[in-house]
Amino acid sequence: MSGSQIIVLVTPVFLALMALEWAIGRWRGRPALRLADAVSSVNLGMLSQTSAVFTVLLRVGLYTLAYEHLALWRSEAFWTTWYGWFIALVFYDFCYYWLHRMGHEVAVLWAAHAVHHQSQDYNLSTALRQTSSGAVLGWVFYLPMALAGVPPLVFVVVGLVDLLYQFWVHTEQVGRLGWFDRWFCSPSNHRVHHAVNDGYLDKNYGGILIVWDRLFGTFKDEDPREKCVYGTRGLLNSWDPLWANAQVYAGLLHDSWHARRWADKLRVWLKAPGWRPADVAHRFPKPAFNFHDMPLFDPPLSAPLRWFAGVQFVLLLGGVAAFLWQADGAPLATNAVWFATLLACQWALGAAMQGRIGMGLALMIEAGALATATSALGFTAWHLLFKPLTMAIAIIYVANHTYPMSATGRFYSHRSYLLLGALLGSLAGDVFLMLSEHLFIPGLVSFLLAHLCYIALFKQGVGWFGHRGALGGTLALGIGMYAFLWQGGLPAALRVPVAVYVVVIALMAAQAWGRHAALRERSSLAVALGACCFMLSDSLLATNRFVQPLPLSQLWVLATYYAAQVLIVSGMVTALTRGAAHQADARTQPLTPPRGLSDQADSNSPPAARGGATPRWR
């Protein structure tokens, strides 16, 4: 049985203990967890386990290689006795102590480990909040065990024991444990480790044994007079699992890129977390950490959103369990496709809980990911369900958001009809292409009509082809692609229809970029990028059909196609909703005297939050 399968089997135990912790907290009047935070933590734990399928070479493969070629003494008979297992476990915990400690003292290692500390709550779900990049450098710290001749099997088993032990110490429901606290990592000791209080910072690194901290001067007892405050000193403020893993890396990359001295570009990664070159700190100042100014990140969750998050979480757990159970015996390409599918669903769940996207758009992303995966891997029956379902969800989502706009005037109602028409054309094209190759022409016509609706939609409120460079570039790409298809064997009967289609989709992309050139909004940029994804998807489809088969063609074709639809739908719904809201506000506000020049300048400035906040260090 593999380590991934063992994790699957113990997951119900983890969930049961989390439920017990929640019940005890409720009974004591101290709720132990918040739904969104707990889901986010477990979401990151699931991502850590699914990504570990692809890093097994780093975690175990390099250890095995070192053991086979560098071991100074080999005796499997010794290491598989009860005292051999015990020594190996203590040895592993010693190595873990130094990995854990360096994870707080070296910036590049902290970038991986910070994920585990980002939650501002402290409960059993926090234990499951794990990094997905720790294996990249973490394997180095266990090489002493390979040199000592600890067999790979023993190494893996004691590592799993060490990891599982640490689950129960992540709770506030267990108090001081007397003599146990002096020898072992306990809830009290580990609460100190997760705290950002000045007196608690960077203490108590032991995994099972706390004696390492006592030996090496990093132990700190929990003070009942000083309550632990959790999180990191560079608040994450997000439920996004991708950003959680990338936040600190992004900050390091930013500082390294902007540092003028080459030595400083390297020091950024190797110095203590928070260290910055003087020139970078001067050009890009960050506010000093204020222990008393750590607002709790807690976006409101409506009742429907809570139910949505709960159901999505359960389904994701089932999907991840199924993936992990069969991952060791599946081909790499199959694992990669399912991993990407689960990742898209995990991202959508986090974005929905945070309020970045609506529940309908999250469902559209998830259905599109499943349609792509089922097509790429040959699950035909499921593909026949998810492919039309994706666009049906998009149509319902758009209708639900744009129907109230009919009260604001024909301008927004007209835009809504064009968007719905484009989606209906896309749905018809999906169905035609899905049912039979003989329906290629009806499918092509349906998508042609969809793109014409998109062109008309992108024209609303702006001029024709406002970015001449984009017009020339997209037409040039279209002509080049058409020449490539012609030379590759495009059938004579399809040359005219395909030529018309190529021109229309190039004009659609050009109009989308012209719209963005006029509006300069994030939503218009999303629409323009979506149009480019459309061009890429159609180019891949035509190449696979008329020139030569592409490996995993359906994966690339559908992934880019659904990326296009999601970007366009999200961008247009955002723009339409915002525009309708502004028009409604203008109708209800009383007349006011003309403003001064300074007020007018302020009103035309883009919001400071448009670019996003710069992540702060721990």
Q | Pair ALA476, LEU147: separation of 7 Å Cα→Cβ label points (nm) | A | 5.8
Q: If a/c stays under 1.5 just call it rounded; otherwise compare a/b with b/c (prolate if a/b is bigger, oblate if not). Do that for the stretch 178-309, with a ≥ b ≥ c from the square roots of the Cα gyration tensor eigenvalues.
A: oblate
Q: Report the FRET efficiency, 1/(1 + (r/R0)^6), for HIS282 and ASN197, where r is their Cβ-Cβ distance and R0 is 35 Å, rounded to 0.05.
A: 0.75
Q: Would you calculate, for the chain, the mean residue ellipticity at 222 nm contributed by helices, counting each DSSP H stretch of 4 or more residues as -39,500 (n - 2.57) and dividing by all residues, to the nearest 500?
A: -22000 deg cm²/dmol
Q.
Full-extension gain between VAL90 and PHE546, please, as 0.36 nm times their residue separation minus the C-alpha to C-alpha distance.
A. 158.0 nm
Q: Order the following by accessible area, largest value first: GLU172, GLU366. Probe radius 1.4 Å; ligands, DNA and RNA are ignored.
A: GLU172, GLU366
**Q.** Cα-based reach from LYS459 at 20 Å (exclusive), listing aspartates and glutamates while leaving out same-chain residues under 8 positions away
**A.** GLU521
(Q) Testing the spin-label approximation: label points 7 Å from Cα along Cα→Cβ at VAL10 and LEU65. State their distance in nm. (A) 2.8
Q. Accessible surface of GLU76 in the full protein assembly, 1.4 angstrom probe, to the nearest 10 Å²?
A. 110
Q. Can you give the accessible area of ILE396, probe radius 1.4 Å, in Å² rounded to 10?
A. 110
(Q) Report the rotationally averaged projected area of the stretch 96-157 based on its alpha-carbon convex hull, in square nanometres. (A) 5.0
Q | Average accessible surface area per residue within the chain, 1.4 Å rolling probe, Å² | A | 48
Q.
If you roll a 1.4 angstrom probe over the protein chains with everything in place, what fraction of the accessible area of the chain belongs to carbon and sulfur, to the nearest %?
A. 68
(Q) Just to confirm the filter: which trypsin sites (Lys or Arg not before Pro) across the stretch 12-43 are DSSP coil and have at most 13 other Cβ within 10 angstrom of their Cβ? (A) none
Q | Alpha-carbon centroids, the stretch 203-218 and the stretch 502-577: separation in whole Å | A | 54
Q. What FRET efficiency comes out for the pair GLN460/PHE484, r = Cβ-Cβ distance, R0 = 25 Å, nearest 0.05?
A. 0.15
**Q.** Whole-Å semi-axes of the stretch 408-528's equivalent ellipsoid (Cα gyration tensor)
**A.** 27, 20, 9
Q: Compute the relative contact order of the stretch 198-263 as a whole-number percentage, counting only Cα pairs closer than 8 Å that sit 6 or more residues apart in sequence.
A: 17
Q: With r as the distance between the Cβ atoms of ARG522 and GLU437 and R0 = 35 Å, compute the FRET efficiency 1/(1 + (r/R0)^6) and round to 0.05.
A: 0.35
(Q) What is the distance in Å between the Cα centroid of the stretch 39-115 and that of the stretch 242-267? (A) 26
(Q) What does the C-alpha gyration tensor say about the overall shape of the chain? Classify as rounded when a/c is under 1.5, otherwise prolate if a/b is larger than b/c, or oblate. (A) prolate
Q. Cα gyration tensor of the stretch 21-112, axes a ≥ b ≥ c as square roots of the eigenvalues: rounded (a/c below 1.5), prolate (a/b > b/c) or oblate?
A. prolate
(Q) Give me the percent relative contact order of the chain, please, defined on Cα pairs under 8 angstrom at least 6 residues apart. (A) 12
Q | Anchor LYS286: aspartates and glutamates whose Cα lies under 16 Å away (excluding residues fewer than 8 positions away in-chain) | A | ASP255
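The values are calculated or read from the model by the stated rules, or taken from the named source; none is laboratory data. This one's a predicted model, so the numbers in the text were calculated from it and none came from an experiment. Backbone-built Cβ (ideal geometry, glycine too); neighbour counts: all protein chains shown. Protein only, heavy atoms only, side chains kept; ligands, DNA and RNA dropped before computing areas. Shrake-Rupley method; radii C 1.70, N 1.55, O 1.52, S 1.80 Å.
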